[in-house]
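Notes for the one structure printed next.
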Amino acid sequence: MTKSEVGTVILRIVLGLTFFIHGLDKFQGGISNTVGYFDSLGIPGFLAYAVALIELIGGIAIILGIGTKFVALLFAVVMVGAIFTAKLPAGFLGNGQGAGYELDLALLAISIYLILADRNPLSLDRIIANKKNS
């Protein structure tokens, strides 16, 4: 395994863990709070459930390397949405009342990297692809 492949695994696990914990927090903290926040931003509240599920289930999938490119695309869409609907007005580092978009931008960049990267040897995507080709 090359250094690049090890780096990709590290990025995949960190991204997955980060999204999983954010999704879990949305449900443990009361998804109704997230629904209310979405409504306050002018975003339909039901999308809070979709985002939380993408984060929770997608986080596990990315860690395991299942559907990596597709899940990374969903994460990228969520991050673009978060940046432009909630975080941009606060600036890059935040405004003292809320977080900025620096973390969202980093998660977006990692997601885009995983969309563009080759399948990694330490992923279920690669194992499944190898079995199909055998």
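Below is a table of values for the structure above.
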read-out	value
Some residue of region 107-118 being free of Cβ contacts under 8 Å to residues at least 12 places away in the same chain, assigned to a loop (DSSP other than H, G, I, E, B) and among the hydrophobic types (A, V, I, L, M, F, W, C)	no
Members of region 18-50 that are touching a Phe, Trp or Tyr at 6+ places or on another chain (Cβ under 8 Å) and in a loop (DSSP other than H, G, I, E, B)	P44, G45
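A short reminder: the numbers here are calculations on the coordinates, not readings from a lab. Please read all numbers here as calculations on a predicted model, not as lab measurements. Heads up, the Cβs are rebuilt from the backbone with ideal geometry, glycines too, and the neighbour counts pull from every protein chain shown.
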